[in-house]
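Undergrad: What follows is a single structure, and I will ask about it in a moment.
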C-alpha cells in the first residue's frame, strides 16, 4: 500500500505564519503607539491615585464630621475606585507587554516575542470584553427598571 497523503495534506506545508515587510512595519508602529498609550495611561492612573489619596483624607474628615455614616459611604467609594484602578493598571500593563514584545518581534524577528505579544493582547481583549458585557448588562437593567418605574407611575 502506498502512502499518498497529497490530498489530505494539501496546503499544509507552511510551518508558520510569515509577515511581509509592510506587516512588520505595521506591527512596529502599533507597538510604539501602544507603548505610548500604556505609559501615558499608567501615569494618569498614578496621578489620579495620588490626588485621590491627597484629597480623599480631607473629604473623609469632612464627611465623617458632618454626617453620620459618611465614612462608611466614603470607604465604599474608595473600594470601588480601588478596584477600577487595579483593573485599569492591569489592562495598561497588558498593553505595555504587548507593545514591548511586538516591537521586539518586529525588530529582531523573534517568534517567542510575537507569541508573548499576542498572548498579552488576547488577555487584554478578553478582560475588556467581559467588562463590556457587564456594562451592557447594567445598561439593560437600568433601561428595564426605568421602564418599570415609568409604568408604575402611570398606574
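We did not get these values from a lab; they are worked out from the coordinates using the rules stated. It should be emphasised that the depicted structure is a prediction, and the values quoted were computed from it without experimental measurement. Methodologically, a virtual Cβ is constructed for each residue, glycine included, from the backbone with ideal geometry; neighbour enumeration extends over all protein chains shown.
Undergrad: Order of 92-100, 142-150, 44-52 by packing, highest average Cβ count within 10 Å first?
TA: Ranking, from highest mean packing down: 92-100, 44-52, 142-150.
Undergrad: Let me ask something else about it. Which order do the peptides 27-34, 130-137 come out in when sorted by mean C-beta neighbours inside 10 angstrom, highest first? Could you put the intermediate results ahead of the total?
TA: Values: 27-34: 17.0, 130-137: 10.2.
Averaged packing, sorted descending, gives the order 27-34, 130-137.
Undergrad: Under the 0.36 nm per residue contour assumption, what length would be gained going from the current alpha-carbon distance of residue 131 and residue 144 to full extension? If you can, show how the numbers build up before the last one.
TA: Numbers: separation 13, 0.36 × 13 = 4.68 nm, distance 1.99 nm.
2.7 nm is the gain from fully extending residue 131 to residue 144.
Undergrad: Could you work out the relative contact order of segment 22-154? I mean the mean sequence separation of Cα pairs under 8 Å and 6+ apart, divided by the number of residues, in percent. Don't skip to the end; give the middle numbers.
TA: On the way: 83 pairs, mean separation 40.3, N = 133.
Relative contact order here is 30 percent.
Undergrad: What percent do you get for the relative contact order of segment 91-135 when only Cα pairs under 8 Å and 6+ apart count?
TA: Values: 33 pairs, mean separation 18.5, N = 45.
Contact order relative to length: 41 percent.
Undergrad: Exposure proxy check: 120, 21 ranked by fewest other beta carbons within 10 Å?
TA: On the way: 120 21, 21 7.
By the 10 Å Cβ count, ascending, the order reads 21, 120.
Undergrad: On to the next question. Which FRET efficiency value, to the nearest 0.05, is calculated for residue 78 and residue 122 with the Förster distance at 22 angstrom and r the Cβ-Cβ distance? Walk me through the numbers before you get to the answer.
TA: Values: r = 32 Å, r/R0 = 1.44.
So, using R0 = 22 Å, E works out to roughly 0.10.
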